[in-house]
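The values are calculated or read from the model by the stated rules, or taken from the named source; none is laboratory data. Every value quoted in this text rests on a predicted model; they were computed, and no experiment measured them. Every residue, glycine among them, receives a Cβ derived from its backbone with ideal geometry; neighbour counts consider all protein chains shown. Ligands, DNA and RNA are stripped out before the accessible areas are found, and what is left, the full protein with its side chains, is counted by its heavy atoms. Shrake-Rupley method; radii C 1.70, N 1.55, O 1.52, S 1.80 Å.
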Amino acid sequence: RVLAGRPADLAGRHVVISAGGTREAIDPVRFIGNRSSGLQGYALARTAVARGAEVTLVSANVALPDPAGAKVVRVESARALRDAVLAAADHADAVVMAAAVADFRPVRASDTKIKKSAAEPDPIRLAKNPDVLAELGEVRRERRAAESGPYPRVIAGFAAETDDVLANGRAKLERKGCDLLVVNQVGEGLAFGTPDNAAVVLLAGGGSVEVPRGPKEDLADVVWDLVAERLA
Ligand code: CTP
Ligand code: CA
């Protein structure tokens, strides 16, 4: 895909993107994962580089080539992703959370491979993971209130919803205190593992931008248009 011909409207900006899907260890050989391929996050990284940004890509378990010109930080679990994103966000203008972050993890990962026996297996007890997007919004609120230094001026999230797409998306945007929430419609050959996406970008304070079905780069460019507008 040709990435030339884009405006350099993110020149001098540092953007942080999370991509892929986290893995939560059950034992040394097994994990709880999800279907995120990382395609949308990597499209965001390539287009941001093409528009002149300094890009930190926090990549969770993605089998795609590194985007040229981006700094790639590899993580496996939600907690490692949180640490990497928060560290990079400290000196970022914008953060886009495209990663599928596991909501839960096994309370304890076994140090050794769990063996099967004649008995039925034990259930896996789960604990809640940190909500990175909500935490970014929270830290920003605190820093703004204390006037203690800069924090990302734009925070964006992604949400894949299957029903009541817009109402669920709007509630999520408000709950997490972000500026933009890209709501994907899952199904019909869209979203996970496909080159195309269709979405509605919900804007804090009301309003939305509809992005028709098309390459994930097109959706990425709409996100960067909205980010650049907010940073200008
Ligand atoms: N997210 C996050 N940390 C989590 C879970 C989600 O930062 N532990 C981010 C995702 O990267 C995404 C956004 O929050 O940008 C929305 O994720 P989603 O799973 O749709 O939201 P949840 O609050 O987890 O709600 P749900 O119960 O629908 O899964
Ligand atoms: Ca979730």
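Over all other residues within a Cβ to Cβ distance under 13 Å of ARG74, the charged ones net out to -1, with Lys and Arg as +1 and Asp and Glu as -1. When the chain is treated as a Gaussian network with alpha carbon springs shorter than 10 Å, the biggest mean-square fluctuation among PRO152, PRO67, PRO123 belongs to PRO123. Taking the 1.4 Å solvent-accessible surface of the stretch 128-232 as the whole, the part contributed by carbon and sulfur is 49%.
Taking the inverse of the mean 1/r over every pair of distinct Cα atoms in the stretch 117-173 gives a Kirkwood hydrodynamic radius of 15.0 Å.
Given the options ALA48, ALA146, ALA119, which has the most mean-square fluctuation in a GNM of the chain, springs set between C-alpha atoms less than 10 angstrom apart? Of the options given, ALA119 has the highest mean-square fluctuation. The C-alpha atoms of the chain define a longest principal axis, and helix 216-231 lies at about 60 degrees to it. Shape annotation for the stretch 3-63: C-alpha extents along the principal axes are 46, 18, 12 Å, from largest to smallest.
For the stretch 102-232, just run the numbers: alpha carbon Rg, then divide by 2.2 N^0.38 Å, N being how many residues it has.
1.36
Only helical runs count toward this figure. For the chain, summing -39,500 (n - 2.57) over DSSP H runs of n ≥ 4 and dividing by all residues gives -9000 deg cm²/dmol at 222 nm.
Just by accessible area at a 1.4 angstrom probe, what is the order of ILE32, ILE155 from largest to smallest? Walk me through the numbers on the way to the answer.
Details: ILE32 60, ILE155 0 Å².
Sorted by accessible area, descending: ILE32, ILE155.
Per-residue packing, averaged as other Cβ atoms within 10 Å, sorts the ranges 137-144, 110-117, 207-214, 82-89 into the order 82-89, 137-144, 207-214, 110-117, beginning with the highest. Which of ALA50, ALA92, ALA145 ends up with the largest GNM mean-square fluctuation for the chain, with Cα atoms connected below 10 Å? Comparing ALA50, ALA92, ALA145 in a Gaussian network model of the chain, the most mobile one is ALA145. At a probe radius of 1.4 angstrom, the accessible area of the chain per residue rounds to 51 square angstrom. Compared with the dominant principal axis of the Cα atoms in the chain, helix 132-146 is inclined by about 50°. As a ratio to 2.2 N^0.38 Å, the alpha-carbon radius of gyration computed for the chain takes the value 1.04. Figure note: HIS14, HIS91 ranked by solvent-accessible area, largest first, 1.4 Å probe, ligands and nucleic acids not counted: HIS91, HIS14. Against the main long axis of the alpha-carbon atoms of the chain, helix 78-89 sits at an angle near 20°.
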